[in-house]
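Trainee: Right, I'll just put the structure down here and ask away after.
A short reminder: the numbers here are calculations on the coordinates, not readings from a lab. Source: prediction; values computed, not measured. With ideal geometry, Cβ positions are generated from the backbone for all residues, glycine too; neighbour counts draw on all protein chains shown.
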Amino acid sequence: MPELRYLKAINLALADAMAADPSVILIGEDVSEAGGAFGASRGLRERFGAERIVDTPISEAAIAGAAVGAALSGLRPVVEIMFMDFTTLVMDAMVNQAAKARFMFGGQSSVPMVLRTPHGGGLGAGPQHSQCLEAWFAHVPGLKVVCPSDPASAYGLLRAAIADPDPVVFVENKALYAMKAEVPAELPIIPLGQAATLREGRDVSIIAYGAAVHTALAAASQLAGEGVEAEILDLRSIQPWDEQAVLRSLAKTHRLVVVHEAVEAFGVGAEIVARMADIGFDELDGPIVRVGAPFMPVPFSKGLETAYLPSAERVVQAVRRTLA
Amino acid sequence: MTEPLDPSAAPAGHNADHGLLALYRSLVLIRCSEERLSAMFADGEVPGFIHLSIGQEAVSVGVMAALTAQDTIASTHRGHGHAIAKGLSLDGFFAELLARDTGLCRGRGGSMHVADMSVGMLGANGIVGAGLSIALGSALAHRTQKSGAVAVAFFGDGALAEGLVHECLNMAALWRLPMLFVCENNGWGEFLPTSKQLSFALKDLAAAYRIPHVLVDGNDVAAVAEAAARIVPEVRADGPRIIECMTTRVRGHFEGDAQKYRDADDLAALSERDPLRITATQLVRAGIAEDALASITEEVKARIHAAVEAARAAPGPGFEAALADVYTAAPAGMEAR
């Protein structure tokens, strides 16, 4: 099987989507001449032309608002917002316009746009270039939210997001951009809303998405050495999320740990836990434990940031707690 | 923004040969629709908030006269005139305002979100200034698709204090997009006069972006139509333009606003600048009989009456259908929660 880097998978998905559908355009800061701040759109301007790979001024609110208008007028814009922290500036376009257009116009039109943006710490980028804000978007009816954990799912989910008729916030953990993994020669499109079981286990279910999947897998390896078999579910889509897959795993293991890099309080994990405490109550043999970031901004110093980010050791401790 | 009108920018094209009678009919349609809404709002029959454009109708009618069905517009919270002038279904409009399932938005949007994609009306908007970015993107789409269409953003002078306006002016000028900016300068932003909200005049802002700007008497539909007929082809061929229409907000910021913050004499004087009166005078001078104008009003009122009665008879929206329409199609078992 060939190897593919996560960032290259994004690049391939963009290229394949643009080749398949002439209404797909890319729009954002430095996406065209520079090929993207992280290189996600490298080579696309040469292949598809500056009319479809559009460099913008540093105007996030207008970029996102323009994507809504373009989507209402027949295009499928893919917006890149350089850091998820900057999505604070696109909130009106995403929350009041994109998310609501279909509903509030009585189904006359959908808004087929994708907003790609990297989140996550680990690079010493500090409080305004590291945040994981996906829960904000998942809270808004009308938006879909996706966060792939590896190159193959990054490709498959981005293709599905671009083909989707509704607005999708596509979150890429920037610490994964350099990740390399084996992928099938023919990369499939992966439907939104479906979780993937990355590791089977009988003792505890660990639910994660994005980079936290790898933290969970590392914890599972360590736990296996202690005779504890963890099942790992990669959620892939946050809104909608695969409630039935989580419930099925819980029904098998009867213990649940939810892991994400975002701040634990009021996060995606809280929603999963609340639902499982409701519809999965009879399956539970232990407390549901969340592992997320502490309630503080992402710090700059290496030492502080390392302590901040959820670690495999914290996931192991969480599993021990629910098994105790 | 109290500078005098620039007479050279608003030539008097008062000529019945230019379809002024048809424009008058549109003015009457908007006016009578809003007066009917005002009465029904007072009776408690129109739910929510409505913002009437009485006194500003000539801007909508004059600009829309220069557009084709392919051209798109993005509107504001005060958008009834834009919607009606763009040619949306009147039955669908009244049904929406009365929150019926037969409404253009199936009773989910109401006055502030009236839209009709089939005529390029991309929505009224509850967020001040938001329509500019939607029109910007629509203009980008028109250019990418090489459709030859233009996108028009309507906005009030109050929106000029929004940061998004700067981003949109810059990008439209930078990319020479086929986008027309139409500022309806009625001198008020909510409850505060423009003089207490803006430190600049739009024409100076336009100069900074190198976007050609014209000032028009926004209450003279012939003047607006003449300016739009001249400028829209420039937009199609050469990129963005700004038409600033000096106009009058007769009603409050919203229906029910008693406008105690406005001078009573100033308000009373607005009838002198009534767009319908101005145009009717021009038509009579051009030889149109006053009876003919009166019969237009009667005909329009009958049309509105029919739309209102149809809306009254229509069913309200169903909750399940609304819930199912948050997304285009949720995968089975993945319905939004």
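Trainee: Taking 0.36 nm per intervening residue step and subtracting the Cα-Cα distance, what contour gain separates residue A:295 from residue A:222 on full extension?
Mentor: 23.6 nm
Trainee: Work out the mean other chain Cβ neighbour count within 10 Å for the residues of B:315-326 and drop it here as an integer.
Mentor: Partner-chain Cβ atoms within 10 Å, mean over residues of B:315-326: 2.
Trainee: Tell me, B:102, B:72 in order of fewest to most beta-carbon neighbours within 10 Å?
Mentor: B:102, B:72
Trainee: Also: Quick one: putting +1 on the C-beta of Lys and Arg, -1 on the C-beta of Asp and Glu, what dipole do you get for the protein assembly as shown around its Cα centre, in Debye to the nearest 20?
Mentor: Its charge dipole is roughly 800 debye.
Trainee: Modelling each spin label as a point 7 Å along the Cα-to-Cβ direction, I'd like the residue A:139/residue A:23 distance in nm, to one decimal.
Mentor: The answer from the label model is 3.3 nm.
Trainee: Related question: Quick check on packing: order A:11-17, A:296-302 by the mean number of other C-beta atoms within 10 Å, highest mean leading. Let's see the in-between values first.
Mentor: Working: A:11-17: 21.9, A:296-302: 14.6.
Result, highest mean first: A:11-17, A:296-302.
Trainee: Once you charge only the Cβ atoms, +1 for Lys and Arg and -1 for Asp and Glu, what is the size of the charge dipole of the stretch A:3-182 about its Cα centre, to the nearest 20 debye? Please report the intermediate quantities before stating the final value.
Mentor: Values: 14 positive and 19 negative charges, 50 e Å.
Roughly 240 debye, rounded to the nearest 20.
Trainee: At most 15 other Cβ atoms within 10 Å and a DSSP loop assignment: could you name the GluC sites (Glu not before Pro) in the stretch B:174-257 that fit?
Mentor: Numbers: sites: B:184, B:190, B:226, B:234, B:244, B:255; in loops: B:190, B:255.
Filter output for the stretch B:174-257: B:190.
Trainee: Follow-up. Please list 3J(HN,Hα) in residue order for the stretch B:59-64, calculated via the Karplus relation 6.51 cos²θ - 1.76 cosθ + 1.60 where θ = phi - 60°; whole Hz, with x for glycine and proline.
Mentor: 5, 4, 5, x, 5, 5
Trainee: Please report A:86, B:94, A:295 as a ranked list, fewest other C-beta atoms within 10 angstrom at the top and most at the bottom. Don't skip to the answer; put the middle values down first.
Mentor: On the way: A:86 17, B:94 28, A:295 9.
Ordered by Cβ neighbours within 10 Å, fewest first: A:295, A:86, B:94.
Trainee: What is the distance in Å between the Cα centroid of the stretch A:29-61 and that of the stretch A:118-146?
Mentor: 22 Å
Trainee: Toward the positive end of the charge dipole of chain B, about the Cα centre and with charges on Cβ (Lys, Arg +1; Asp, Glu -1), which of B:159, B:250, B:295 goes farthest?
Mentor: Going by the charge dipole, the pick is B:159.
Trainee: So, one more: Using Cα atoms only, what is the angle between the long axis of helix A:312-323 and the major principal axis of chain A, expressed in degrees (0 to 90) to the nearest 10?
Mentor: Compared with the principal axis, the helix lies near 50 degrees.
Trainee: Ratio of alpha-carbon Rg to the 2.2 N^0.38 Å globular estimate for chain A, to two decimals, please.
Mentor: For chain A, the normalised Cα radius of gyration is 0.98.
Trainee: Using 0.36 nm per residue of separation minus the Cα-Cα distance, give me the extension gain between residue B:281 and residue B:25 in nm, one decimal.
Mentor: Additional length available on full extension: 90.8 nm.
Trainee: Dipole of the protein assembly as shown (Lys/Arg Cβ +1, Asp/Glu Cβ -1, origin at the Cα centre): which of A:156, B:270, B:280 lies farthest to the positive side?
Mentor: A:156
Trainee: Determine which aspartates and glutamates satisfy two conditions relative to residue A:100: a Cα distance under 12 Å, and not lying fewer than 8 residues away in the same chain.
Mentor: Result set, ordered by chain and number: A:92, A:166, B:325.
Trainee: Additional query: Compactness ratio of the protein assembly as shown: Cα Rg over 2.2 N^0.38 Å, N = residue count?
Mentor: Taking the Cα Rg and dividing by 2.2 N^0.38 Å, one obtains 1.07.
Trainee: Also, I was wondering about something else. Fewest Cβ neighbours within 10 Å first, please rank B:146, B:203 accordingly.
Mentor: The most exposed by this proxy come first: B:146, B:203.
Trainee: Quick one: if the Förster radius is 60 Å, what FRET efficiency do residue B:303 and residue A:317 give, using the C-beta to C-beta distance and rounding to 0.05?
Mentor: Working: r = 72 Å, r/R0 = 1.20.
For residue B:303 and residue A:317, the calculated efficiency is 0.25.
Trainee: If you don't mind, there's one more thing I want to ask. Report ³J(HN,Hα) in whole Hz for each residue of the stretch B:176-193, in order, from the Karplus equation J = 6.51 cos²θ - 1.76 cosθ + 1.60 where θ = phi - 60°; Gly and Pro get x.
Mentor: For the stretch B:176-193, the Karplus curve yields 6, 6, x, 10, 9, 9, 10, 8, 8, 8, 9, x, 9, x, 6, 10, 10, x Hz.
Trainee: While we're looking at this one, here's another question. Rounded to whole Å and sorted largest first, what semi-axes of the equivalent ellipsoid does the C-alpha gyration tensor of the stretch A:27-128 yield via the square root of 5 times each eigenvalue?
Mentor: 24, 19, 10
Trainee: Just to confirm the number: angle between the C-alpha axis of helix A:243-253 and the first principal axis of chain A, 0 to 90 degrees, nearest 10?
Mentor: The answer is roughly 20 degrees.
Trainee: Using each residue's phi in the stretch B:131-141, evaluate 6.51 cos²θ - 1.76 cosθ + 1.60 at θ = phi - 60° and report the 3J(HN,Hα) Karplus result to the nearest Hz, with x for Gly and Pro.
Mentor: x, 5, 6, 5, 5, 4, x, 5, 5, 4, 5
Trainee: Under 5 Å between amide hydrogens, which residues at least 5 positions from residue A:290 or on another chain qualify, with H placed 1.01 Å from N in the peptide plane?
Mentor: Placed amide hydrogens put A:258 under 5 Å from residue A:290.
Trainee: Then there is this: Would you mind telling me which residue in A:21, A:150, A:234 has the biggest mean-square fluctuation in a Gaussian network model of chain A, where springs connect alpha carbons within a distance under 10 angstrom?
Mentor: Among A:21, A:150, A:234, the largest mean-square fluctuation in the Gaussian network model of chain A belongs to A:21.
Trainee: Go from 0 up to the bin containing the longest alpha carbon distance in the stretch A:3-182, width 10 Å each, and give me the % of pairs per bin.
Mentor: Calculated P(r), rounded to whole percents: 11, 42, 38, 9, 0.
Trainee: To one decimal place, what orientation-averaged projected area in nm² is obtained for the convex hull of the Cα set of the stretch A:196-323?
Mentor: Orientation-averaged projected area of the Cα hull: 7.3 nm².
Trainee: Per residue Cα convex hull volume for the stretch B:7-323, in cubic angstrom? Could the numbers behind the result be given before it?
Mentor: Working: hull volume 42.1 nm³, N = 317.
Normalising the Cα hull of the stretch B:7-323 by residue number yields 133 Å³.
Trainee: Between helix A:6-20 and chain A, what is the angle of the helix's C-alpha long axis to the longest principal axis, kept within 0 to 90° and rounded to the nearest 10?
Mentor: Long axis of A:6-20 versus the principal axis of chain A: about 40 degrees.
Trainee: While we're on this one: Per-residue Cβ counts within 10 Å, from other chains only, averaged over B:140-147: what number is that? Mind showing how you got there, number by number?
Mentor: Values: counts 11, 12, 4, 1, 11, 6, 1, 2.
The mean count of partner-chain Cβ atoms within 10 Å per residue comes to 6.
Trainee: Here is a follow-up. Measure off 7 Å from each Cα along the Cα-to-Cβ vector at residue B:258 and residue B:203, then give the distance between these two points in nanometres to one decimal.
Mentor: Between residue B:258 and residue B:203, the simple spin-label model gives 3.9 nm.
Trainee: Does a label point 7 Å from the Cα of residue B:321, set along Cα-to-beta-carbon, have any residues of the stretch A:107-147 with amide nitrogen under 13 Å, and which are they?
Mentor: It comes to A:107-108, nothing else.
Trainee: Using 7 Å Cα-to-Cβ label points, what is the residue B:70/residue B:118 separation (nm, one decimal)?
Mentor: Each label point lies 7 Å from its Cα, and together they span 2.1 nm.
Trainee: Give the lysines whose C-alpha is closer than 27 Å to that of residue B:196, dropping any in the same chain fewer than 8 places away, or say none.
Mentor: B:260
Trainee: When the dipole is taken about the Cα centre of the stretch A:196-323, and only Lys, Arg (+1) and Asp, Glu (-1) are charged at their Cβ, what size is it in debye, to the nearest 20?
Mentor: In total the dipole reaches around 220 debye.
Trainee: In addition: Whole angstrom only: what separates the Cα centroid of the stretch B:225-255 from the Cα centroid of the stretch A:282-321?
Mentor: 57 Å
Trainee: Between the alpha-carbon centers of the stretch B:96-120 and the stretch B:302-325, tell me the distance in whole angstrom.
Mentor: 9 Å
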